[in-house]
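Asker: Below are the structure tokens for one structure; questions will follow.
The values are calculated or read from the model by the stated rules, or taken from the named source; none is laboratory data. Just so it is clear, the structure is predicted and the values come from calculations on it, not from any experiment. Every residue, glycine as well, gets a Cβ built from its backbone with ideal geometry; the counts of neighbours run over all protein chains shown. With ligands, DNA and RNA removed, areas are computed over all heavy atoms of the protein, side chains included. Shrake-Rupley method; radii C 1.70, N 1.55, O 1.52, S 1.80 Å.
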Amino acid sequence: MGARGFNVAEEGHVVSILSPQSISGGVTSTPFHMKYAAKANIIIQYGALAGAPGAITVKACSDASGDGATAIPFTYYTKSAAGNTADTLDLVTGPSAANSATAEGFTPADNINTFVEIVIQSDQLPAGLPYIEVTLASGAVANYASAVAILTGLSYAGSQQPTVTT
């Protein structure tokens with residue numbers, strides 16, 4: 001990253017893994033692989049919530065179909081203050097805002113218009129499971145969310161990287 005910042009189109013790879021939708025009953029994202037990336041920053045945005053959201057879990061998989069899905073621990077950050085003008089992360093303890101989730105995941109705050117950022121390093125994935133999928137649990141209520149993964153530390157630079165969803 002240069003002094004002028006980070007150009008996501010040239011130095012990253014953006015993957016829409018969950019288009020904005022109702023997550024009533026729970027949903028699982030499109031699996032993506034990290035064969036060409038060192039890190040994935042997954043941003044989950046919550047919109048309108050008719051009830052408290054359920055747990056967020058991350059699973060490593062063997063392929064794009066989600067086969068062999070195995071829940072893994074992960075690092076995450078939260079922005080639990082409601083609204084688009086609340087753009088700073090919640091502090092945990094000390095200067096860091098990082099949280100650690102076990103393989104069982106964690107349950108985010110029950111606030112509308114918030115986000116969660118999940119960070120996965122490729123070397124954290126179990127051997128033979130290079131794909132990741134995210135599951136958002138929800139009761140049978142009209143809760144809305146979306147998710148995007150931003151891959152960095154790429155093997156291929158430039159705006160035309162190979163696909164990571166097949």
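Asker: So if I take the centroid of the Cα atoms in the stretch 1-60 and the same for the stretch 103-166, what is the distance between those two points in Å?
Answerer: Using only Cα atoms to place each centre, the spacing works out to 4 Å.
Asker: With every protein chain present, what is the per residue accessible area of the chain (1.4 Å probe, Å²)? Please list the in-between numbers first.
Answerer: Numbers: 8120 Å² over 166 residues.
Ligands and nucleic acids excluded, the result is 49 Å² per residue.
Asker: Turning to a different aspect of this structure: Once phi is turned into ³J(HN,Hα) by the Karplus curve 6.51 cos²θ - 1.76 cosθ + 1.60 with θ = phi - 60°, what whole-Hz value does each residue of the stretch 118-125 show in order, with x for glycine and proline?
Answerer: 9, 10, 10, 8, 4, 6, 7, 6
Asker: Now, a different point. If eta is 1.567 mPa s and T is 4 °C, what Stokes-Einstein diffusion coefficient results for the chain, Kirkwood Rh from Cα pairs, in µm²/s?
Answerer: Value of D from the Cα-based Kirkwood radius: 79 µm²/s.
Asker: Considering just Cα atoms, how many Å³ per residue does the convex hull of the stretch 108-165 enclose? Let's see the in-between values first.
Answerer: Details: hull volume 8.9 nm³, N = 58.
Here the figure is 153 Å³ per residue.
Asker: Non-local amide H neighbours of Asp90 (under 5 Å, H modeled in plane, Pro and chain starts lacking H): which ones?
Answerer: Thr78, Lys79, Ser80
Asker: Using the 2.2 N^0.38 Å rule of thumb for compact globular proteins, work out how the stretch 71-157 stacks up: its C-alpha Rg over that value, please. Show your work: numbers first, answer last.
Answerer: Working: Rg = 14.7 Å, N = 87, 2.2 N^0.38 = 12.0 Å.
Computed over Cα atoms of the stretch 71-157, the ratio equals 1.22.
Asker: Which value, in debye to the nearest 20, describes the size of the charge dipole of the stretch 79-137 about its Cα centre when Lys and Arg Cβ atoms bear +1, Asp and Glu Cβ atoms bear -1, and nothing else is charged?
Answerer: Using Cβ point charges on Lys, Arg, Asp and Glu, the stretch 79-137 gives about 60 debye.
Asker: Moving to a separate point now. Provide Lys59, Lys79, Lys35 ordered by accessible surface of protein heavy atoms (probe 1.4 Å), highest first.
Answerer: So, going from the largest accessible area down, we get Lys35, Lys59, Lys79.
Asker: Moving on to the next point. Calculate for the chain the 222 nm mean residue ellipticity that helices alone would give, adding -39,500 (n - 2.57) per DSSP H run of length 4 or more and normalising by residue count, nearest 500 deg cm²/dmol.
Answerer: -500 deg cm²/dmol
Asker: In terms of modelled amide H atoms, which long-range or inter-chain residues lie less than 5 Å from the amide H of Ala103?
Answerer: Excluding prolines and chain starts, which carry no amide H, there are no hits.
Asker: Given an 8 Å cut-off on Cα distances and at least 6 residues of separation, report the relative contact order of the chain as a percent.
Answerer: 46
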